[in-house]
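What follows is a single structure, written as structure tokens, with notes after it.
Just so you know, all these numbers are worked out from the coordinates, no wet-lab data involved. Remember, it's a predicted structure, so these values are computed and weren't measured experimentally. Glycine also receives a Cβ, built like all others from the backbone with ideal geometry; neighbour counts cover every protein chain displayed.
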Amino acid sequence: MPASTDVEDVDRQLQLAETGSADNCHLYQSVEQMFVIIQQMSVNSKEHGRQAQQVAQATQSMGKAIRSLHASSDQVKVTASRLHQLSGSFQVSKEMQRKVA
């Protein structure tokens, strides 16, 4: 009977080895899928980074445009004020108003 025990032990060890091999195969597939997912995440992260950079550049451009518009607006206010001061210096006589009309 000890011979059958040895055969049974060998059989069990073979079964364990096959199960371990199958488990390793599943583990390998799982790890491979994880790497694919990590690569996809990396690609997505890079794309989001590029988009964030584009948004930052657009924001800077908009800031420059706003500052430029503000400066132009200030210049228009100064010019309008000067024009108003100049127009106050002139008086149009009634005779001149009739000629223009």
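Along the stretch 38-43 the Karplus relation, 6.51 cos²θ - 1.76 cosθ + 1.60 evaluated at θ = phi - 60°, assigns HN-Hα couplings of 4, 5, 5, 4, 5, 4 Hz to successive residues, with x for each Gly and Pro.
Summing charges over neighbours of CYS25, with a neighbour being any other residue whose Cβ is under 11 Å away from its Cβ, gives -3 when K and R count +1 and D and E count -1. Relative to the current alpha-carbon distance between HIS26 and THR5, full extension at 0.36 nm per residue lengthens the span by 4.5 nm.
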